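Undergrad: There's a structure below that I have some questions on.
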Amino acid sequence: MFKKLKIKNDILLFNIAIYGIFLIVAGLVLPIILIPIVKITNYSEIVEEIAKALIVFFLILKLPSFKFKLAGAAVFGFLFGVSENFLYLNQIFQLGDFSIFWQRFLWTMPMHIITVLVMVFAGLARKRFLIFGLAGAIILHMLFNGIIIELLIR
């Protein structure tokens with residue numbers, strides 16, 4: 001009996017580790033894949049949030065406990081923001097003001113974490129509510145981009 005329990009725990013830990021690796025890779029690689037799509041469509045909020053919703057649905061909501069789901073969402077959102085910020089370094093260097101990088105880093109990181117958490121909480125209520133979380137995340141992202149653009153224009 002204890003051997004079965006140990007095997008079951010080992011399988012659970014293995015699955016968590018695999019999901020964790022996929023979340024890390026997705027957080028770091030997804031912005032690279034999305035940049036050409038965003039350039040074509042010019043709707044970064046919609047493209048990014050749909051991609052993040054797919055990760056929430058297929059990876060984060062499959063994690064075994066509430067704590068793992070929250071941690072997975074925070075890690076994924078953080079890494080997504082880190083990756084996206086580093087991809088925009090070229091544009092920041094062209095502007096010649098590296099302080100913009102830190103401003104962008106400090107503002108976009110929480111935004112990406114929050115939008116992923118919005119979708120996770122909606123999906124935790126019921127998976128079909130994830131669509132409402134997606135809508136909320138898109139609206140938050142659009143508001144964020146509008147506020148940031150307004151602040152940069154001033």
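No lab work stands behind these numbers, since they all come straight from the coordinates. Bear in mind that the values here come from a model prediction, so they are computed numbers and not experimental data. Here the Cβ positions follow ideal geometry from the backbone for every residue, glycine too, while neighbour counts run over all protein chains shown.
Undergrad: What percent does the relative contact order of segment 7-84 come to when contacts are Cα pairs within less than 8 Å and at least six residues apart?
TA: Reported relative contact order: 51 percent.
Undergrad: Next question, about the same structure. Which one of Ala122, Gly27, Phe14 has its Cα pushed farthest toward the positive end of the charge dipole of segment 2-153, where Lys and Arg give +1 and Asp and Glu give -1 at the Cβ?
TA: About the Cα centre, the residue reaching furthest to the positive side is Phe14.
Undergrad: So for the chain, averaging the separation of alpha carbon pairs under 8 Å that are six or more residues apart and normalising by length, what relative contact order in percent results?
TA: Across the chain, relative contact order equals 25 percent.
Undergrad: Next up: What ranking do Arg126, Arg104 get, fewest neighbouring Cβ atoms within 10 angstrom at the top?
TA: Neighbour counts put them in this order, fewest first: Arg126, Arg104.
Undergrad: A further question on this structure: Top mean-square fluctuation among Ser83, Ser99, Ser44, Gaussian network model of the chain, C-alpha springs under 10 Å?
TA: Ser99
Undergrad: Another one. What is the packing order of peptides 115-123, 138-146, taking the mean over residues of other C-beta atoms within 10 Å and listing the highest first?
TA: Descending packing order for the listed peptides: 115-123, 138-146.
Undergrad: Lys/Arg Cβ at +1, Asp/Glu Cβ at -1, dipole of the chain taken about the Cα centre: which of Trp107, Phe68, Met142 is farthest positive-ward?
TA: Selected residue: Phe68.
Undergrad: If you project the alpha carbons of segment 33-75 onto their three principal axes, what span does each projection cover, largest first, in Å?
TA: 38, 16, 14
Undergrad: Let me ask something else. Could you rank the peptides 12-21, 71-80, 53-62 by their average count of other C-beta atoms within 10 Å per residue, with the highest value first?
TA: In descending order of packing, they fall as 71-80, 53-62, 12-21.
Undergrad: Net charge within 12 Å of Ile16 by Cβ-Cβ distance, Lys/Arg positive one each and Asp/Glu negative one each, not counting Ile16 itself?
TA: Combined, the nearby Lys, Arg, Asp and Glu give +2.
Undergrad: Still on this structure, please answer the following. How fast does segment 55-154 diffuse by Stokes-Einstein, in µm²/s, taking the Kirkwood radius from C-alpha pairs at 20 °C and 1.002 mPa s?
TA: 148
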